[in-house]
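> Shown below is the structure under consideration.
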Amino acid sequence: MTKVGQQSAEQLLRLGVDGFGPFSSAEQWDRDALRGRSKDEAVKVLVRNHFLVAGNQGLLTNIGGFITMPVTMLANIRAALQAGGQALHHRLLALRDEADLPASVSALRVFYVIAWRDGKDLGH
């Protein structure tokens, strides 16, 4: 790990332990968990809370990925159409012409139909 990366990791660790802004420190979490509980009960509370927080973070990350998926998927398709001197783009247009489709049918639409047919053939 580079020095900058190590310093960043150490700072994140410090923020996690010391807390910042609306986020409590690890020590405050411990005090809250111990309030009116035995040490064993407090550990169970901390573990349960950690699982809840981690689960919510995972859920939010997945929702964010789901929201950005259409944009990134289309960007990847566009990059594929432009790669290799637009070889895929030209091949899709040739397939459109072979199928006697009008010029108003885009290469991207031809790609979608091929992808849909491929999925149908695979039983999806």
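Each value in this text was obtained by applying a stated rule to the coordinates, not by laboratory testing. Computed from a predicted structure; not experimentally measured. FYI the Cβ positions are ideal-geometry reconstructions off the backbone, even for glycines, and counts take in every protein chain you see.
> Which residue, L81, L12, L52, has the most motion in a Gaussian network model of the chain that connects Cα atoms within less than 10 Å?
Residue with maximal mean-square fluctuation among L81, L12, L52: L12.
> Report the residue, chosen from L13, L59, L34, that carries the largest GNM mean-square fluctuation when the chain is represented by alpha-carbon nodes joined by springs under 10 Å.
The residue with the greatest mean-square fluctuation here is L13.
> Identify which of A99, A83, A42 has the largest mean-square fluctuation in a Gaussian network model of the chain, with springs joining Cα atoms closer than 10 Å.
Sorting by GNM fluctuation, first place goes to A99.
> Please give the calculated 222 nm ellipticity per residue for the chain, where each DSSP H segment of at least 4 residues contributes -39500 (n - 2.57) and the sum is spread over every residue; nearest 500 deg cm²/dmol?
-28500 deg cm²/dmol
> Sticking with this one: Taking only the alpha-carbon atoms of region 70-124, what semi-axes of the equivalent ellipsoid follow from 5 times the gyration tensor eigenvalues under a square root, in whole Å, largest first?
Semi-axes from the Cα gyration tensor: 18, 17, 10 Å.
> For the chain, with only Lys/Arg (+1) and Asp/Glu (-1) charged at the beta-carbon, what is the dipole magnitude about the Cα centre, in debye rounded to 20? Let's see the in-between values first.
Numbers: 14 positive and 12 negative charges, 29 e Å.
Result for the chain is approximately 140 debye, rounded to the nearest 20.
> A follow-up question, please. Using Cα pairs closer than 8 Å and at least 6 residues apart in sequence, work out the relative contact order for the chain, in percent.
Relative contact order, the chain: 8 percent.
> Then there is this: How many angstrom lie between the C-alpha centres of region 54-81 and region 86-100?
Result: 29 Å between the Cα centres.
> May I pose another question? With the Cα gyration tensor of the chain in hand, convert its eigenvalues to equivalent ellipsoid semi-axes via √(5λ) and list them largest first in whole Å. Provide the component values of the computation, followed by the final result.
Details: eigenvalues 589, 80, 23 Å².
Over the Cα atoms of the chain, the semi-axes work out to 54, 20, 11 Å.
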